[in-house]
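Enquirer: Got a structure here, written out as structure tokens. Questions coming.
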Amino acid sequence: CKAHKIAVLPGDGIGPEITKVALELLQAAGEAEGETFQFEEALIGGAAIDATGQPFPDETLQTCRNSDSVLLAAIGGYKWDTLPAAQRPERGLLALRSSLNAFANLRPAVVLPQLAHASTLKPEVVEGVDILIVRELVGGIYFGTPRGFTTNDKGEKVGYNTMVYSESEVERIAHVAFDAAMKRKKRLCSVEKSNVLEVSQLWREVVTRVAKQYPEVELSHMYIDNAAMQMIRNPKEFDTIVTGNLFGDILSDEASMLTGSLGMLPSASISGAGPGVYEPVHGSAPDIAGKDLANPMAMVLSAAMMCRYGLALPQVAAKLEAAVTAALDAGYRTGDLMSPGMKQVGTRGLILLNGLILLLASNWV
Ligand code: NAD
Ligand code: IPM
Ligand code: MN
């Protein structure tokens, strides 16, 4: 049968290390299910700046457009931190999302039973947490204009950005969120700052209007500051969350600590038409890059989301997820998840272990 074409963007820092794990597992899980993948690697972020002068070369865009899905690891690093904003690796990632119109970023934060004790919060607070953050990804303050630097009348330098959403931008992300909530516990919490910001007043108005088409979904509204607090106080009160680009970025890193580590959180960035981008929530972790310390699970679980949502291969997705849970069941942990009694392994160690575990898992799933 036809090979699934995957654009692979390893990026910077720990990106290449975790990509290697994900590709080996994908290959093995695919083989077990009679599916083949054709991986085409392309440059993005700092690696692309070094090679071509651009954080998102045209060639990379073409590779992505010609693929069924895009699997991205992470971009960024100290080396490029002093470049002007418009030339940074992060702009490459934003250009990728925007060029593919990947406006809906699904960020599930699920506390696996094996990791309830790995969180810095009490196990009884996090046990059973299953939150889906639906983050708008190609609008808001990340993309709003005007933006830039100017000088004020006192002669000081001033920096400014614009947080802007149109009705149609809020409508389409609201529909994604309500549809997702319908498949979950039918509870949606819209998070914004409408007590202060006009852009959030519009957000609340539009979400409330869209809600009329989903009478079965219980909609609530929460200000971002309160939501950040409630997520730590009692995360189980949340089912599905819909929010804008900046608030979703912050809330998803916060949610990762319920699950034990940022190294556990996968995501899918989709438009509904054309290839989606599947990427861990974490960054390039330059502090641990090249040290065989990175947790590859967020990346493996992102590959699983790609199989489930992008490629309609739920059996392959289930195999990858089973490999992750089997490694955890067997007591293997990377440093970010270590606790007494567990066996510490490196990123590469998990490749080998996961390979074996996947073989075993193929008999179980
Ligand atoms: P980060 O997510 O890279 O790291 C934050 C902390 O979490 C670090 O201590 C890191 O070691 C740890 N961590 C992250 N992923 C891990 C993993 N898989 N296993 C173990 N530990 C992990 O965020 P940062 O340090 O604020 O940013 C570093 C760079 O990454 C910056 O250039 C930033 O712009 C970029 N970044 C990129 C993405 C992306 O590509 N999607 C996301 C976030 C940040
Ligand atoms: C993320 C990252 C990116 C974002 C950065 C690197 C542009 O933090 O994917 O969460 O803010 O969206
Ligand atoms: Mn982020």
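The values are calculated or read from the model by the stated rules, or taken from the named source; none is laboratory data. These numbers were taken from a predicted model, which means no experiment stands behind them. Because the Cβ atoms are built from the backbone with ideal geometry, glycine has one as well, and the counts that use them run over all protein chains shown.
Enquirer: Are any of the residues in segment 297-315 surrounded by fewer than 16 Cβ atoms within 10 Å (Cβ to Cβ) and under 20 Å from the mean Cα position of the chain (by Cα)?
Expert: Yes, segment 297-315 contains at least one residue that is surrounded by fewer than 16 Cβ atoms within 10 Å (Cβ to Cβ) and under 20 Å from the mean Cα position of the chain (by Cα).
Enquirer: In this structure, does residue 305 turn out to be farther than 22 Å from residue 190 by Cβ and within 13 Å of ligand 1 (Cβ to nearest atom)?
Expert: Values: farther than 22 Å from residue 190 by Cβ: yes; within 13 Å of ligand 1 (Cβ to nearest atom): no.
Against the criterion (farther than 22 Å from residue 190 by Cβ and within 13 Å of ligand 1 (Cβ to nearest atom)), residue 305 does not qualify.
Enquirer: Limited to segment 149-194, what total is found for residues that are surrounded by 12 or more Cβ atoms within 10 Å (Cβ to Cβ), more than 19 Å from residue 106 (Cβ to Cβ) and in contact with a strand residue (DSSP E or B) (Cβ under 7 Å, 6 or more places away or on another chain)?
Expert: Final tally of qualifying residues: 1.
Enquirer: Please pick out the residue among 180, 228 that is assigned to a helix (DSSP H, G or I), within 16 Å of ligand 3 (Cβ to nearest atom) and among the hydrophobic types (A, V, I, L, M, F, W, C).
Expert: Values: 180 fails: within 16 Å of ligand 3 (Cβ to nearest atom).
So the residue among 180, 228 that is assigned to a helix (DSSP H, G or I), within 16 Å of ligand 3 (Cβ to nearest atom) and among the hydrophobic types (A, V, I, L, M, F, W, C) is 228.
Enquirer: What pairs can you find where one residue is in segment 180-197 and assigned by TED's automatic domain parsing to the domain that holds residue 223, the other is surrounded by fewer than 15 Cβ atoms within 10 Å (Cβ to Cβ), and their Cβ atoms are less than 7 Å apart, with a gap of 6+ or different chains?
Expert: Going by the 7 Å Cβ cut-off, the qualifying pairs are 182/216; 186/216; 186/218; 187/218; 189/220; 194/201.
Enquirer: Looking at (1) in contact with a Leu (Cβ under 7 Å, 6 or more places away or on another chain); (2) without any contact (Cβ under 8 Å) to a residue 24 or more places away in the chain; (3) of a type outside the set (Asp, Glu), which is the one condition that is false for residue 39?
Expert: (2)
Enquirer: Here's something else I'd like to know. Could you tell me which of the residues 286, 340 is without any contact (Cβ under 8 Å) to a residue 60 or more places away in the chain and in the same structural domain as residue 67 (by TED's automatic domain parsing)? Steps first, please.
Expert: Working: 286 fails: without any contact (Cβ under 8 Å) to a residue 60 or more places away in the chain.
So the residue among 286, 340 that is without any contact (Cβ under 8 Å) to a residue 60 or more places away in the chain and in the same structural domain as residue 67 (by TED's automatic domain parsing) is 340.
Enquirer: Out of 320, 356, I need the residue that is in a helix (DSSP H, G or I) and without any contact (Cβ under 8 Å) to a residue 60 or more places away in the chain. Which one? Talk me through it step by step, then tell me what you get.
Expert: Numbers: 320 fails: without any contact (Cβ under 8 Å) to a residue 60 or more places away in the chain.
After applying the criteria, what remains is 356.
Enquirer: Look through 285, 228 and report the one residue that is farther than 26 Å from residue 27 by Cα and at pLDDT 95 or above.
Expert: On the way: 285 fails: farther than 26 Å from residue 27 by Cα.
Result: 228 is the single residue among 285, 228 that is farther than 26 Å from residue 27 by Cα and at pLDDT 95 or above.
Enquirer: Please list, ordered by first then second residue, the pairs with beta carbon atoms under 6 Å, 6 or more apart or interchain, first in segment 50-65 and within 26 Å of residue 78 (Cβ to Cβ), second surrounded by 13 or more Cβ atoms within 10 Å (Cβ to Cβ) and of a type outside the set (A, V, I, L, M, F, W, C).
Expert: Pairs that qualify, where the first residue is within 26 Å of residue 78 (Cβ to Cβ) and the partner is surrounded by 13 or more Cβ atoms within 10 Å (Cβ to Cβ) and of a type outside the set (A, V, I, L, M, F, W, C), are 55/45; 55/89; 55/91; 55/92; 56/92.
Enquirer: Let me ask another. Evaluate the following for residue 259: is it of a type in the set (Val, Ile, Thr), away from ligand 3 (no atom under 12 Å from the Cβ) and farther than 17 Å from residue 177 by Cβ? Explain how you work it out, then say what you get.
Expert: On the way: of a type in the set (Val, Ile, Thr): yes; away from ligand 3 (no atom under 12 Å from the Cβ): yes; farther than 17 Å from residue 177 by Cβ: yes.
So residue 259 fits the description; yes.
Enquirer: Say we look at segment 226-253 and pick out the residues that are within 16 Å of ligand 2 (Cβ to nearest atom) and surrounded by fewer than 18 Cβ atoms within 10 Å (Cβ to Cβ); which of these is farthest from residue 129 (Cα to Cα)?
Expert: Selected residue: 246.
Enquirer: Considering only segment 263-281, how many residues are surrounded by fewer than 20 Cβ atoms within 10 Å (Cβ to Cβ) and near ligand 1 (Cβ under 10 Å from one of its atoms)? Give the steps one after another, and end with the answer.
Expert: First, the residues of segment 263-281 that are surrounded by fewer than 20 Cβ atoms within 10 Å (Cβ to Cβ): 271-274.
Now restrict to residues that are near ligand 1 (Cβ under 10 Å from one of its atoms): none.
Number satisfying all stated conditions: 0.
Enquirer: Continuing with this model, one more query. Failed condition for residue 282, given (1) within 12 Å of the chain's Cα centre (by Cα); (2) assigned to a helix (DSSP H, G or I), with all others met?
Expert: Just one mismatch for residue 282, condition (2).
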